[in-house]
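Report on one structure; see the data block that follows.
Nothing in this text is a laboratory measurement; each read-out follows from the coordinates by a stated rule. Remember, predicted model here, so these are calculated numbers, not experimental data. Because the Cβ atoms are built from the backbone with ideal geometry, glycine has one as well, and the counts that use them run over all protein chains shown.
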Amino acid sequence: MRTLSGIQPTGNLHLGNYLGAIRNWVRMQDEMEGDKLYFLADLHAITVHNDPAELTANTREMAAALIAAGIDPDRSILFNQARVPAHAELAWLLFCTARIGWLNRMTQFKEKSGKNREGASVGLYAYPVLQAADVLLYQTTHVPVGDDQKQHLELARDVAAKFNLDTGTETFTLPEPTIPPAAARIMSLRDGAAKMSKSDPSDASRINLVDDPDTIMAKIRKAKTDPKPLPSEAAGLEGRAEAKNLVSIYAAMADESVDAVLARFGGQGFGAFKPALGELLVETLAPIAARLSELKADTAAIDAALDAGAARARELAQPTLDAAYAALGLCR
């Protein structure tokens, strides 16, 4: 069994990143057997314009955040794509197997390119094939996927199956999707209809992983709510987007159901609930923020961890890359 997950290196990680992906990765170290590979998708990041210095800094910060949150580089394989050239090599081989019709059906390209589709990079159009290479390179058996990535894993399986059929080999393992534990959809603290995002111009809209306890408490205290008391069950939150968001954050952080949280706080106002939520966030996030601050100051240690992870990843990747070249009749 071999599990692989990737995340683009974006700066200013927030609570939505933590609850949506990072915490599940940490738990997978104990809950799933076999090798666990976690990579920073810096090759995917350059499908749109990036400031080079910012990309370097974001990659290191993302690595630091993963380690601070509990990813153990000794127990898992943590690396960034650019340190493992086999990702780009295999992607080209798979570009020659994937079909334009398959890529035309990828909904995320349409969303990301918007109205300027003709001005988008070829990389943005074809990046699902690089994603396929990311997965197939390591003979990955299981890939945690959310709803927005199911289509891309299906493409990876199609590419693998066609490559194997075309070459008469069993070069690639067809990966299976793993549905991670349900994560709360974390919304903005200022607008319950918008996702929490680093691109929101208001810093008050999000809880950053680097926020200190006083800042966390202040942001929760000022978070948008409504004047009604909390209901005693989840159904009572319908139509109350901001209230639902805060209760969902509490439930996710406490590993409880929304109904369990409301059984305890139902009938109370936000004057009582917000301090409890803030304290829960501080209790969990303050140690992560402290560790992250230490790690960010030691770029040599971060690079050493990524180098060590990349060396292990290159060792795992090489047999598959060699087999793909051989299956295609390419002399090396």
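Considering only alpha-carbon pairs that sit under 8 angstrom and 6 or more positions apart, the relative contact order computed for region 215-313 is 31 percent.
Distance between the 7 Å Cα→Cβ label points at Ala326 and Ala297: 5.1 nm. Legend: calculated FRET efficiency, Ala120 to Arg75, from the Cβ-Cβ distance at R0 = 56 Å, rounded to 0.05, equals 0.90. Bridging of Lys219 to lysines at a Cα separation below 23 Å is possible for Lys195, Lys198, Lys228, Lys244, Lys274, once same-chain residues fewer than 8 apart are set aside. Here region 26-123 is assigned +1 on the Cβ of each Lys and Arg and -1 on the Cβ of each Asp and Glu. Its dipole about the Cα centre then comes out at about 580 debye.
Charge tally around Ala68: other residues with Cβ under 13 Å, Lys/Arg +1 each, Asp/Glu -1 each, net 0.
Take the Cα of Gln151, step 7 Å toward its Cβ, do the same at Asp30, and the gap between the two points is 3.7 nm. Residue by residue, region 281-291 carries 3J(HN,Hα) couplings of 5, 4, 4, 7, 8, 4, x, 5, 4, 5, 5 Hz when phi is fed to the Karplus relation 6.51 cos²θ - 1.76 cosθ + 1.60 (θ = phi - 60°); x denotes Gly or Pro.
Pop the C-beta distance of Ala311 and Trp102 into the FRET formula with R0 = 35 Å and round what comes out to the nearest 0.05.
Numbers: r = 33 Å, r/R0 = 0.96.
Once rounded, the FRET efficiency stands at 0.55.
Springs between Cα atoms under 10 Å define the GNM used for the chain, and in it the highest mean-square fluctuation of Arg312, Arg75, Arg157 occurs at Arg75. Multiplying the residue separation of Ala263 and Ile179 by 0.36 nm and removing their Cα-Cα distance gives an extension gain of 27.4 nm. Springs between alpha-carbon pairs under 10 angstrom, Gaussian network model over the chain: which of Gly309, Gly239, Gly146 fluctuates most? Of Gly309, Gly239, Gly146, the most mobile in the Gaussian network model is Gly239. Relative contact order of the chain, taken over Cα pairs closer than 8 Å and 6 or more residues apart, is 23 percent. The GluC sites (Glu not before Pro) of region 201-305 that DSSP puts in a loop, and whose beta carbon has at most 10 other beta carbons within 10 Å, are Glu238. What the phi angles of region 321-332 give under the Karplus curve with 6.51, -1.76 and 1.60, with θ = phi - 60°, is a coupling list of 4, 4, 5, 5, 4, 5, 4, 8, x, 8, 7, 10 Hz, glycine and proline written as x. By the equivalent-ellipsoid construction on the alpha carbon gyration tensor, the chain comes out with semi-axes of 39, 22, 19 Å, ordered largest to smallest.
Which shape class, rounded, prolate or oblate, goes with region 1-105 when its Cα gyration tensor gives a ≥ b ≥ c as root eigenvalues, a/c under 1.5 marks rounded, and past that a/b bigger than b/c marks prolate? Oblate, since a/c reaches 1.5 and b/c is not below a/b. Binning the alpha carbon pair distances of region 26-177 at 10 angstrom intervals from zero yields the distribution 10, 36, 38, 16, 1, expressed in whole percent. Beta bridges assigned by DSSP with both partners in the chain are antiparallel in approximately 10 percent of cases. Helix-only arithmetic for the chain: the sum of -39500 (n - 2.57) across DSSP H runs with n ≥ 4, divided by the residue total, places the mean residue ellipticity at 222 nm at -16500 deg cm²/dmol. Relative to the Cα centre, the charge distribution of the chain, modelled as +1 at Lys and Arg Cβ and -1 at Asp and Glu Cβ, gives a dipole magnitude of about 840 debye. The length gained by stretching the chain between Leu165 and Ala218 to full extension, at 0.36 nm per residue less their Cα-Cα distance, is 13.2 nm.
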